[in-house]
Amino acid sequence: MIRSSMQISPRWRQALLLFALLASIAASYWVEHAGAEPAETVEAVARNVPAAPVEVPDAAGEDEPLDLGRLTRRELAGTDIDAFRAKSWYVPPPPPPPEPPEEPAAPPLPFQYMGKTEEADGGKTVVYLVHGNEFHAVSPGEEFAGAYRLERVEQAALVIHYLPLSIDQNLPIATGE
């Protein structure tokens with residue numbers, strides 16, 4: 001960093017600033033008044049343009065008070081913007097996310113249990129089911145009625161698999177034992 005060996009005392013600094021202030025005031029006065037010449041007079045030129053007719057209020061109209069509201073009322077055009085209108089910075093929160101769809105459920109079983117038969121040596125079991133006028137004789141593992149499969153036979157219920165949704169359902173059995 002280079003320092004000047006010449007330092008100005010505070011008194012000299014104030015004097016220089018005062019001199020600069022007075023010089024700028026004098027220069028602005030000179031620019032404003034020295035270059036100004038007396039104003040030229042301008043005369044109006046008469047033209048042959050017809051003037052718009054002026055409506056003169058009747059003497060009876062003087063009794064009516066003036067509508068002062070018309071002096072301050074201003075209609076806004078489509079391009080005008082009211083700079084003083086109220087502005088709200090409120091942003092509504094986003095709508096809540098939609099509810100997740102319910103998991104698909106199988107329709108209720110339309111069958112009625114009619115009975116079952118078992119072979120004597122514990123072999124094949126056949127279950128008899130009725131749906132309206134249809135009669136079904138089904139063994140475990142067989143498909144029936146186009147959309148069902150009998151999975152297994154338990155003591156209190158039949159486990160029937162609904163094929164389109166791969167869901168197991170229980171059909172209660174009324175046991176007489």
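The values are calculated or read from the model by the stated rules, or taken from the named source; none is laboratory data. Note that the structure is a prediction, hence the values are computed from the model and not measured. Methodologically, a virtual Cβ is constructed for each residue, glycine included, from the backbone with ideal geometry; neighbour enumeration extends over all protein chains shown. Note: accessible area is taken over every heavy atom of the protein model, side chains too, but ligands, DNA and RNA are not part of it. Shrake-Rupley method; radii C 1.70, N 1.55, O 1.52, S 1.80 Å.
Some notes on this structure:
- The amide H of GLU142, built 1.01 Å from its N in the peptide plane, has LEU150 as neighbours under 5 Å, considering only residues 5 or more places off or on other chains.
- What you get for segment 97-177, charging only the Cβ of Lys and Arg (+1) and of Asp and Glu (-1), is a dipole of about 180 debye around the Cα centre.
- With all protein chains kept in place, the per residue accessible area of segment 104-156 amounts to 65 square angstrom at a probe of 1.4 angstrom.
- Amide H within-cut-off set for LEU163, under 5 Å, with H built and near neighbours excluded: TYR148, ARG149
- Anisotropy class of segment 132-177 from Cα gyration tensor, a/c 1.5 cut: oblate
- Once C-alpha pairs closer than 8 Å and six or more residues apart are averaged by separation and normalised to the residue number of segment 90-174, the relative contact order reads 18 percent.
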